[in-house]
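Encoded as structure tokens, the structure appears first; notes follow it.
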Amino acid sequence: METLSECNLKCVMCGFGNREIFQRETGKMSLGLFKQIVDEIARRSPHALVAPYHHCEPLLHTELPEMEKKKKNHNLRCEISTNLNYAERLEELLKAEPGSIDISVSGFYQNTYEKNHVGGDIEKVKRNMELLRNLMEKTKCYPQVTVQYHMYIDNLGEDFDLMRKFVENLGFTFSANWSRSICTEMSLKYLREIGNSRYHGETLQWFDDMPKLPKAYNNGIKRMIHLPQDYLQGE
């Protein structure tokens, strides 16, 4: 569920991060509406995994701990994904017992991290990871914490090794994943622009209405191992 239409970063591969391409109104889901949706999920699928995010930063929602409690009341599984640049109400969130917390990073040093997590502060993220570990010990609540390292061509050396060591020293799981273009519209726009899409040559108004892809996105593509066209091989 997209419980919030806001994010504090402008990640280059994310549609929400490229605000010059996609203009959205910001807002947040009310606790009452969230409860209605969760009640219906529990009725239809009592063992469902509920994630209160899609492209948003869920920790920005002021009622996230209360939302977690609503899910807990139904014994639904819960997964949270965060960039962890913001950590208000983290202790209350832990007490609501989320099942798992994923933290996305793309470097150990700021000059590497900020290329992809634009607007973020990796030192703050590391401090918040330490805070999370301390609060887990304080509350005796132990969700599965996984740090998802987004791999680019230029962050596989010292940054990678130091972040893995840092994460493992905190007792969290380190998971490395190849970066990818996660916005369908921008991926298709990119494929159309390079003439490597099934849509190339067709008249599709929404493609034509989209602005040209921003420089940040194209620079991000150049640092990736797996490009959008690589995923067309199975077609």
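Results, tabulated for the structure shown:
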{"item": "Filtered residue count, the stretch 187-213, keeping only those that are of a type outside the set (Phe, Trp, Tyr), surrounded by 11 or more Cβ atoms within 10 Å (Cβ to Cβ), over 20 Å from the mean Cα position of the chain (by Cα) and modelled with pLDDT of 75 or more", "result": "9"}
{"item": "Options Thr146, Thr184; residue that is of a type in the set (S, T, N, Q) and open to solvent by 60 Å² or more (accessible area, probe 1.4 Å)", "result": "Thr184"}
{"item": "Filtered residues of the stretch 90-130 (kept if of a type in the set (Ser, Thr, Tyr) and within 19 Å of Lys165 (Cα to Cα))", "result": "Ser104, Ser106, Tyr109, Thr112, Tyr113"}
{"item": "Leu162 being in a helix (DSSP H, G or I), closer than 25 Å to Leu94 by Cβ and either modelled with pLDDT of 90 or more or open to solvent by 60 Å² or more (accessible area, probe 1.4 Å) (or both)", "result": "no"}
{"item": "Selection from the stretch 128-145 of residues that are among the β-branched types (Val, Ile, Thr) and touching a strand residue (DSSP E or B) at 6+ places or on another chain (Cβ under 6 Å)", "result": "Val145"}
{"item": "Residue that is nearest to Asn83 (Cα to Cα), among those in the stretch 94-127 that are open to solvent by 20 Å² or more (accessible area, probe 1.4 Å) and part of a helix (DSSP H, G or I)", "result": "Lys124"}
{"item": "The one condition in (1) at pLDDT 95 or above; (2) under 20 Å from Asn219 (Cα atoms); (3) in a helix (DSSP H, G or I) that Glu91 fails to fulfil", "result": "(2)"}
{"item": "Residues that are farther than 12 Å from Gln144 by Cβ and surrounded by 18 or more Cβ atoms within 10 Å (Cβ to Cβ), drawn from the stretch 66-80", "result": "Met67, Glu68, Lys70, Lys71, Leu76"}
{"item": "Test: residue in the stretch 12-27 that is more than 29 Å from Ser187 (Cβ to Cβ) and surrounded by fewer than 17 Cβ atoms within 10 Å (Cβ to Cβ)", "result": "no"}
{"item": "Verdict on Glu2 being open to solvent by 30 Å² or more (accessible area, probe 1.4 Å), touching a residue at least 24 places away in the same chain (Cβ under 8 Å) and touching a Ser or Thr at 6+ places or on another chain (Cβ under 8 Å)", "result": "no"}
{"item": "Single residue of Leu170, Leu156 found to be surrounded by 12 or more Cβ atoms within 10 Å (Cβ to Cβ) and either under 16 Å from Tyr109 (Cβ atoms) or free of Cβ contacts under 8 Å to residues at least 24 places away in the same chain (or both)", "result": "Leu156"}
{"item": "Residue pairs meeting the criteria (Cβ under 8 Å; at least 6 apart or on separate chains; first at pLDDT 95 or above, in the stretch 105-117; second aromatic (Phe, Trp, Tyr))", "result": "Val105/Tyr113; Val105/Tyr149; Ser106/Tyr113; Ser106/Tyr149; Ser106/Tyr152; Gly107/Tyr113; Phe108/Phe160; Phe108/Phe166"}
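The values are calculated or read from the model by the stated rules, or taken from the named source; none is laboratory data. Treat the numbers as computed from the prediction; the structure is a model and nothing was measured. Here Cβ is always computed from backbone atoms with ideal geometry, including for glycine, and neighbour counts include all displayed protein chains. For accessibility, only protein heavy atoms count, side chains too; no ligands or nucleic acids. Shrake-Rupley method; radii C 1.70, N 1.55, O 1.52, S 1.80 Å.
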